[in-house]
């Protein structure tokens, strides 16, 4: 958080909770006439919206009144993972320049088209 966000959070924010990644969530202390209470997140680490788990995303966007509980996941549900595109942890298939740039040769069932044949 920058200084302005820290000051705004200190003066007008009420702490709501924290997710598994360490992000902290706040809501305004006082309501403004005719408007819903503002909700915001103070990121721990890189500031990126994909680092907000679904439970808190629903709360931030006024879909739910309270954050969804983190418990009660089904065995087939995976934990939330941030998008790693553009980082050293991103997916790089075989043949990618960062993995040596060597691809497997094309299979023998391909025959290139040539005009007139």
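Here is how the numbers come out for the structure above:
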| quantity | calculated |
| --- | --- |
| Rg [Å, one decimal], Dmax [Å, integer] - the stretch 12-63, C-alpha atoms | 11.4, 34 |
| Cα long-axis angle, helix 3-12 against the chain (0 to 90 degrees, to the nearest 10) | 40 |
| Neighbour-count ranking [beta-carbon atoms within 10 angstrom, fewest first] of 21, 11 | 11, 21 |
| Rel. contact order, % - alpha carbon contacts under 8 angstrom, at least six apart, the chain | 13 |
| Sites residue 40 and residue 83, calculated FRET efficiency, Cβ-Cβ separation with R0 22 Å, nearest 0.05 | 0.60 |
| Residues residue 6 and residue 66, FRET efficiency given R0 of 25 Å [Cβ-Cβ distance, rounded to 0.05] | 0.50 |
| Compactness index (Cα Rg / 2.2 N^0.38 Å), the chain | 1.75 |
| Computed [θ] at 222 nm, helices only, for the chain once each DSSP H run of length n ≥ 4 contributes -39500 (n - 2.57) | -4000 deg cm²/dmol |
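Each reported figure results from applying straightforward, stated rules to the coordinates on display, with no laboratory input. Remember, it's a predicted structure, so these values are computed and weren't measured experimentally. A quick note on method: Cβ atoms are made from the backbone with ideal geometry, for glycine too, and the neighbour counts reach across all protein chains shown.
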